[in-house]
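Asks: The structure's right below; bear with me while I get my questions together.
The values are calculated or read from the model by the stated rules, or taken from the named source; none is laboratory data. In this text, all values refer to a predicted model and were calculated from it rather than measured experimentally. Positions of Cβ are generated from backbone atoms using ideal geometry, with glycine treated the same way; all protein chains shown enter the neighbour counts.
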Amino acid sequence: MINPSPATPPPQGRARSRAGHRVAAFFDLDKTVIATSSTAAFSRSFFAGGLITRGDVLRSAYAHFLYMASNADADQTERMRQHLSELATGWDVAKVEQIVAETLHEHIDPYVYAEAVDLIAEHHAMGHDVVVVSASGTELVEPIAAMLGADHVVATRMEVADGRFTGEIDFYAYGENKATAIRELAAARGYDLQRCYAYSDSVTDAPMLAAVGHGFAVNPDRGLRRLAAQNGWGTLTFNRPVALRPTIRPTPVLAVIGTLALAGLAWTWWRRWRRRTGHPAPLADRGGSAFHGDIRTVHGTHAQTVH
């Protein structure tokens, strides 16, 4: 049964939970923590590695477009699952893991929501475990979760025989299966689900949000927004994807060149401005930080709790 109590953000400074009464925060991955589909993001690298053809790339791109543009309902998600299951049949598991490891930052870093990073860090600061729960395959989700600093992963497990995917699925982390896995993990790890948190963008994850005491709809689709209003779940808006690290690490020489170039542009702008106005140029407003300070800012600035 869906918990009717209103969702509230975790209080600042809560002490680590006692043994047997621990707290966890369960995060959906695609369009909740990252602004893309984790599986489709690697299609170009899978093509470069010889796992898929050019036609497969185009079909994956089209499937990804439909997934991102739609509400990701059960039918759409099932079509995506079937497509990816058929596509992965016969793939060498070790090669997939190698490709993901080598291109993880290239394909995932730019799409991570800054608000999600802040939220994960704040849960950890309060002694909560962080669990990534995704319908994508374990081989993709585990490295992404490790990059985010998550403690545990619930993900789809593909059947493997002789080191290759058979196309069959041992466990599909989707819908009610997510909620079942969360309850099993809670029993094993000693989580008090009524004190736990869950975050997702899709109505298909309603069972996951209902399994905990504090459910939050992140950038919710229409169906989830309606359920959030009915069941008192909070709503959050994440809209600032930010790379976790620079894609190019500047050397001292590049840093100097960049600084000189920016100084030259600033000097040219200042001279032109002064020539037009006859006044010294004001200091430029650099705007806000790339990250909010704490979870209270995330919930206070970007969240609306629906009662």
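Residue-wise test of (1) within 18 Å of the chain's Cα centre (by Cα); (2) at pLDDT 90 or above.
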| site | (1), (2) |
| --- | --- |
| GLN76 | no, no |
| ARG79 | no, no |
| ASP92 | no, yes |
| ALA101 | yes, yes |
| LEU104 | yes, yes |
| VAL112 | yes, yes |
| GLU115 | yes, yes |
| ALA121 | yes, yes |
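Asks: Against the definition (in a helix (DSSP H, G or I), of a type outside the set (Asp, Glu) and modelled with pLDDT of 95 or more), how does VAL153 come out, yes or no?
Replies: Working: in a helix (DSSP H, G or I): no; of a type outside the set (Asp, Glu): yes; modelled with pLDDT of 95 or more: yes.
Spelling it out, it is not the case that VAL153 is in a helix (DSSP H, G or I), of a type outside the set (Asp, Glu) and modelled with pLDDT of 95 or more.
Asks: Inspect all residues belonging to segment 165-187 and state whether any of them is at pLDDT 95 or above, of a type outside the set (Phe, Trp, Tyr) and in a loop (DSSP other than H, G, I, E, B).
Replies: Looking for residues that are at pLDDT 95 or above, of a type outside the set (Phe, Trp, Tyr) and in a loop (DSSP other than H, G, I, E, B), one finds none in segment 165-187, hence no.
Asks: Quick check on my filter: what residues within segment 160-219 are under 30 Å from VAL93 (Cα atoms) and in contact with a His (Cβ under 9 Å, 6 or more places away or on another chain)?
Replies: Those that are under 30 Å from VAL93 (Cα atoms) and in contact with a His (Cβ under 9 Å, 6 or more places away or on another chain): LEU185, ARG189.
Asks: Suppose the filter is within 19 Å of ALA217 (Cβ to Cβ) and in contact with a Cys (Cβ under 9 Å, 6 or more places away or on another chain); does ILE120 pass it?
Replies: no
Asks: Continuing with the same structure: Could we say that SER43 is under 30 Å from TYR191 (Cβ atoms), at pLDDT 75 or above, crowded, with 19+ Cβ neighbours inside 10 Å and of a type in the set (Gly, Ala, Ser) here?
Replies: no
Asks: Please work out if ARG164 is out of contact with any Pro (no Cβ under 9 Å at 6 or more places or on another chain) and crowded, with 16+ Cβ neighbours inside 10 Å.
Replies: Yes: the conditions hold for ARG164.
Asks: Here is a follow-up. List every residue pair whose Cβ atoms lie under 6 Å apart, where the two residues are 6 or more positions apart in sequence or sit on different chains, the first residue falls within segment 172-183 and is in the same structural domain as LEU224 (by TED's automatic domain parsing) and within 8 Å of MET208 (Cα to Cα), and the second residue, located anywhere, is surrounded by 19 or more Cβ atoms within 10 Å (Cβ to Cβ) and modelled with pLDDT under 95.
Replies: Matching pairs, first to second residue: GLY175/THR204.
Yes/no per residue for (1) buried (at least 16 other Cβ atoms within 10 Å of the Cβ); (2) of a type outside the set (Phe, Trp, Tyr); (3) at pLDDT below 95:
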site: PRO207; (1), (2), (3): yes, yes, no
site: ALA210; (1), (2), (3): yes, yes, no
site: ASP221; (1), (2), (3): yes, yes, yes
site: ASN239; (1), (2), (3): no, yes, yes
site: ALA243; (1), (2), (3): no, yes, yes
site: PRO246; (1), (2), (3): no, yes, yes
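Asks: Name the pairs: first residue in segment 21-34 and more than 19 Å from HIS128 (Cα to Cα), second residue part of a loop (DSSP other than H, G, I, E, B), Cβ to Cβ under 6 Å, at least 6 apart or on different chains?
Replies: ASP30/SER37; ASP30/SER38; LYS31/ASP201
Asks: In segment 88-119, which residues are closer than 29 Å to ASP192 by Cβ and either without any contact (Cβ under 8 Å) to a residue 24 or more places away in the chain or in contact with a helix residue (DSSP H, G or I) (Cβ under 6 Å, 6 or more places away or on another chain) (or both)?
Replies: GLU115, ASP118, LEU119, listed by residue number.
Asks: Has segment 130-142 got at least one residue that is touching a residue at least 40 places away in the same chain (Cβ under 8 Å) and surrounded by fewer than 20 Cβ atoms within 10 Å (Cβ to Cβ)? Talk me through it step by step, then tell me what you get.
Replies: Narrowing segment 130-142 to residues touching a residue at least 40 places away in the same chain (Cβ under 8 Å): 130-137, 139-141.
Remaining after also requiring surrounded by fewer than 20 Cβ atoms within 10 Å (Cβ to Cβ): none.
Looking through segment 130-142, none of the residues is touching a residue at least 40 places away in the same chain (Cβ under 8 Å) and surrounded by fewer than 20 Cβ atoms within 10 Å (Cβ to Cβ).
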